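Only one structure is covered here, and it is reproduced in the block below.
The values are calculated or read from the model by the stated rules, or taken from the named source; none is laboratory data. Fair warning: this is a prediction, and the values are worked out from it, not measured in the lab. Virtual Cβ from ideal backbone geometry, glycine too; neighbours counted across all protein chains shown. What goes into the accessible areas is simple: the full protein's heavy atoms, side chains included, and nothing from ligands, DNA or RNA. Shrake-Rupley method; radii C 1.70, N 1.55, O 1.52, S 1.80 Å.
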Amino acid sequence: VLALIGVASKADAWWAIAAVRAGGVVTAVGVLAAAVVVTRGRVPWGPSRGGLRPWTAAGLSVPRGTALMIAAIGLSDITADTAFANATHGGALSVVSVLASLYPVTTIALGTIALRERPAHIRLGGAALACLGAAVLAVRTA
């Protein structure tokens with residue numbers, strides 16, 4: 001995806017990001033439609049007690065905290081893609097590329113926050129070293 005964003009952003013970075021987002025929406029709607037067809041309208045997302053309630057014909061019930069976290073993830077993704085698209089033709093691509101590769105750190109953080117997971121010390125150390133490396137790279141190229 002990043003390679004295609006780089007090529008498409010040479011013409012216009014904003015249209016490249018819009019195309020990526022449109023593709024994501026089409027994919028999500030297709031997967032949702034397939035799930036509804038396969039299960040004949042009964043898509044059980046989450047447990048019936050606590051957390052997410054099952055999807056019904058009336059709509060999808062998502063707790064507020066979950067919806068806010070999903071929105072934050074989406075905004076972060078759009079920001080990262082936009083930064084990458086703009087960096088491919090005149091920015092600090094080396095810094096943006098390294099930051100884009102830090103998505104596993106975000107996954108660890110989200111698991112810790114949302115799922116109350118306790119990451120192993122080696123994972124925390126690796127995440128800290130990756131962030132430190134990105135910071136050193138950003139300082140040296142600035």
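Applying a threshold of 7 Å to beta carbon distances and a minimum spacing of six or more residues, or different chains, the list of pairs starting in segment 33-45 at a residue that is more than 22 Å from PRO63 (Cβ to Cβ) and ending at one that is at pLDDT below 75 and open to solvent by 100 Å² or more (accessible area, probe 1.4 Å) reads GLY41/ALA57.
Filter segment 81-101 for residues that are at pLDDT below 80 and either in contact with a helix residue (DSSP H, G or I) (Cβ under 7 Å, 6 or more places away or on another chain) or not in a helix (DSSP H, G or I) (or both) and give the result. Residues satisfying the conditions are HIS89, GLY90, GLY91, ALA92, LEU93, SER94, VAL95, VAL96, VAL98, LEU99, ALA100, SER101.
Hey, can you tell me all the residues within segment 22-42 that are at positive phi and open to solvent by 60 Å² or more (accessible area, probe 1.4 Å)? Don't jump to the end; show me each part of the working.
Step one: filter segment 22-42 for residues at positive phi, giving 40-41.
ARG40, the sole residue that qualifies.
State the number of residues belonging to segment 84-131 that are under 14 Å from the mean Cα position of the chain (by Cα), surrounded by 14 or more Cβ atoms within 10 Å (Cβ to Cβ) and under 19 Å from MET69 (Cα atoms). Qualifying residue count, segment 84-131: 6.
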